[in-house]
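Written below as structure tokens is the structure these notes are about.
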Amino acid sequence: MSKIDLKSLELKELEEIFLNLGERKYRAQQLFKWLHQKMVSSIEDITEFPHSLKDKLTSDYKISRLKIAERLDSKQDDTSKYLFVLDDGNIIESVMMKYKHGISVCLSTQVGCRMGCEFCASTKSGLVRNLLPGEILDQFYQIQKDQNVSISNVVLMGSGEPLDNYDNVMKFLKIIHDKNGQNLGYRHITISTCGIVPKIYDLADEEIPINLSISLHSPSDEERKKIMPIAKKYSIHEIMEACNYYIAKTNRRITFEYTLISGVNDQARDALELAKLLKNMLCHVNLIPLNSIKEFSHTKSNEKLVQDFKKILLKNGINTTVRREMGADVNAACGQLRRDYINRMES
Ligand code: SAH
């Protein structure tokens, strides 16, 4: 039987384990603090536990542990990209960005992805597996330890579709928010989704005030279907209804991600249609210049079109920003780094 990952368990689950082992319940809180505040990577390192207890734990349990395979530091800005090796040899990537207002990390939620967006490198070899809550957490912990910093914001925008790994992502949220762990406020966490509508309703019903980002990329169902297969399943109208429900439940502003692709979705008529769609909604648009990948023949929109697109949205009362292209010199696009690394290892 494979060992259970202690880092993936909520406090109440740890309490059950200790009670079943004939131990006192308070041990669970001690262990939780060692895992999520001291960020230990091995049962052996928990000096507060007697050897007999460590031995008991080691027979059925383990602590998931990511190893840094590579770190690339941008020369242009304070961005570092990390490639991590998981216990089973799979590779994932994460990004750390230093802003004036704090340090943000972009974490992966799956190895690969099965959503199939045409422009995204993460999905090109399909989904390998879901990440455990402990593996999502450990990206945060390893970066925090490596940089010797305190991370203030988390975005689940790395490889994978967070809402396609719903239960593990929920556990990740609860553990990172726990006051016995990192005590990270929900308002400092963002989930990005390509638009899995039923899961947006589930997330709203959790009633936790995290930020929701929707990867929209087009105001038209027909155009969206050409670049995002998920659009064949859920219409933009259904996404908007789910977003309005989310806003009603959480009172949080939604961000719409819009990757500008030259000649595909960057014309004035697209901006006008987008403005019409989002009128009077508690939202914000984040324009992302496409990060070219070799599997997708299109290029990013030129700077003038980006600015024109933004102006049209602003003129129509839609809050809009253009995402800075951080770390472009270290292979920024979602999933590119991992693919490059795997290709290098295989050649
Ligand atoms: N699956 C989730 C989160 C991961 S992708 C989602 O779809 O939202 C994070 C963001 O990066 C999404 O908005 C995605 O559409 C965008 N993205 C992916 N590849 C990109 C590329 N090559 N250039 C620009 N943006 C990209």
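The values are calculated or read from the model by the stated rules, or taken from the named source; none is laboratory data. Just so you know, these numbers come straight off a predicted model, no measurement behind them. Methodologically, a virtual Cβ is constructed for each residue, glycine included, from the backbone with ideal geometry; neighbour enumeration extends over all protein chains shown. Note: areas computed on protein heavy atoms with side chains; ligands, DNA, RNA excluded. Shrake-Rupley method; radii C 1.70, N 1.55, O 1.52, S 1.80 Å.
Remarks
- Debye log10 I(q)/I(0) at q = 0.15, 0.19, 0.21, 0.29 Å⁻¹ for region 1-62, Cα point scatterers: -0.38, -0.63, -0.79, -1.68
- 5 Å binning of all Cα-Cα separations within region 1-134, expressed as whole percents from 0 upward: 2, 9, 15, 18, 15, 13, 12, 8, 5, 2, 0, 0
- Percent accessible area from carbon and sulfur atoms, the chain, protein chains only, probe 1.4 Å: 47 percent
- Farthest positive-ward along the chain dipole, Cα basis, beta-carbon charges - from Ile136, Pro209, Asn280: Asn280
- Hypothetical label at Arg269: residues of region 215-243 whose amide nitrogen lies under 15 Å (7 Å Cα-Cβ projection): 219-224
- Entry note, the chain: relative contact order of 15 percent, from Cα contacts under 8 Å with a spacing of 6+ residues.
- The gain in end-to-end length when the Ser125 to Asp55 segment is fully stretched comes to 21.2 nm, 0.36 nm per residue minus the alpha carbon separation.
- Taking only the C-alpha atoms of the chain, Rg followed by Dmax gives 21.0, 69 Å.
- Mean projected area in nm² (Cα convex hull; one quarter of hull surface) for region 172-244: 5.2 nm²
- Alpha-carbon centroid distance for the pair region 113-179 / region 194-222, whole angstrom: 17 Å
- Among the listed pairs Lys233/Lys310; Lys12/Lys38; Lys225/Lys310; Lys67/Lys171, those whose Cα-Cα separation exceeds 25 Å are Lys233/Lys310.
- Label reach from Glu295 (point 7 Å along Cα→C-beta): in region 85-108, amide nitrogens under 18 Å belong to 90-94, 108.
- Net charge contributed by nearby residues that have their C-beta within less than 13 Å of His284 (K/R +1, D/E -1): +3
- Per residue, the solvent-accessible area of the chain (1.4 Å probe, heavy atoms of protein chains only, all protein chains present) comes to 45 Å².
- Taking the chain as a Gaussian network of alpha-carbon nodes connected by springs under 10 Å, the highest mean-square fluctuation of the residues Lys249, Lys294, Lys38 belongs to Lys294.
- Here the simple spin-label model places points 7 Å from the Cα toward Cβ, and for Asp45 and Lys98 these points are separated by 2.3 nm.
- Under the convention that each Lys and Arg Cβ holds +1 and each Asp and Glu Cβ holds -1, the size of the dipole of the chain around its Cα centre is about 660 debye.
- Segments 263-273, 189-199 sorted - mean Cβ within 10 Å per residue, highest first: 189-199, 263-273
- MRE, 222 nm, helices only [DSSP H, n ≥ 4, -39500 (n - 2.57), over the chain, to nearest 500]: -11000 deg cm²/dmol
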